[in-house]
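Comments concern the structure below.
The values are calculated or read from the model by the stated rules, or taken from the named source; none is laboratory data. From a predicted model like this one, the values you see are computed outputs, not experimental measurements. Virtual Cβ from ideal backbone geometry, glycine too; neighbours counted across all protein chains shown.
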Amino acid sequence: MSQPAPNDFFATTRWTIVLAAGNSGTPQSADALEALCRSYWFPLYAYVRRRGHTKEDAEDLTQAFFADLLGRRDFAKTDSERGRFRAFLLASLKNFLANEWDKSQRLKRGGSITHFPLDWQSADTQFQIADAAMRSPDEIFDREWAVALLERVIVRLRDEWTADGKADRFERMKCFLTVGKGEIPFAQAAEEQGIDEGTLRVAVHRLRKRYREMLRNEVADTLADPAMVEEELAVLLGAFR
């Protein structure tokens, strides 16, 4: 059997599907776009809040922006932002806020907007934490995008372990994803988990390897060009500095 071309995986990523549809607006591209929006809605909300809008207005604007975006069919016209869904989404939001929906014209809750079932109460608490650092709106957007991306990878990894009947073990192991290799107390952790140290070291290595693979795949899902993965990763991880 012939091996798939290097770009075959990226040809089926969600952002590539949206771009490939261009102006046609196929059901497949609409589903792909909605999935991306559901995954990365909070950075948009945080950006709007940091621009000075109240909690209630930010909720309305975010929902209205989604309604406008999901109804568009001009993705083939995107230029410099077309490679990165992150950049495209922020540029689209800035344009939306600058040109649309002043307070007297905005559709209010309960109107004709199709609402996503988003956790607004949790979002406000999360924003207050993010805003404590007094970052610029763009910096908050990039940081919260990175946080959302990492959280999605953790959820996908947890689901994978759960499907294998290892949910409890994952909860014990996930802490090792955020600890420096030299800082892991392998002997103590192995004793607490009732396994030998060598077995734990192998398990941590495999967990981190799978995490890196899933992280790259998640980033790739928001890009049109596989060559941009490392660059996008560097930007997103740099948002934590």
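Across segment 136-192, what is the number of residues that are in a helix (DSSP H, G or I) and under 25 Å from Arg241 (Cβ atoms)?
27
Looking at segment 56-63, can you tell me whether even one residue there is of a type in the set (Val, Ile, Thr), under 17 Å from the mean Cα position of the chain (by Cα), at pLDDT 80 or above and within 20 Å of Phe141 (Cβ to Cβ)?
Yes, that holds for at least one residue.
Select from segment 69-107 the residues that are farther than 21 Å from Leu236 by Cβ and within 20 Å of the chain's Cα centre (by Cα) and write down the one among them that is modelled with the lowest pLDDT.
Phe75
From the list Phe186, Phe127, Phe116, which residue is touching a Cys at 6+ places or on another chain (Cβ under 8 Å) and at pLDDT below 90?
Result of the check over Phe186, Phe127, Phe116: Phe116.
Given the residues Met173, Met228, which is the only one that is under 30 Å from Phe88 (Cβ atoms) and either of a type outside the set (D, E, K, R) or touching a helix residue (DSSP H, G or I) at 6+ places or on another chain (Cβ under 6 Å) (or both)?
Result: Met228 is the single residue among Met173, Met228 that is under 30 Å from Phe88 (Cβ atoms) and either of a type outside the set (D, E, K, R) or touching a helix residue (DSSP H, G or I) at 6+ places or on another chain (Cβ under 6 Å) (or both).
Residues in segment 178-196: is at least one under 30 Å from Phe42 (Cα atoms), surrounded by fewer than 17 Cβ atoms within 10 Å (Cβ to Cβ) and within 21 Å of the chain's Cα centre (by Cα)?
Looking for residues that are under 30 Å from Phe42 (Cα atoms), surrounded by fewer than 17 Cβ atoms within 10 Å (Cβ to Cβ) and within 21 Å of the chain's Cα centre (by Cα), one finds at least one in segment 178-196, hence yes.
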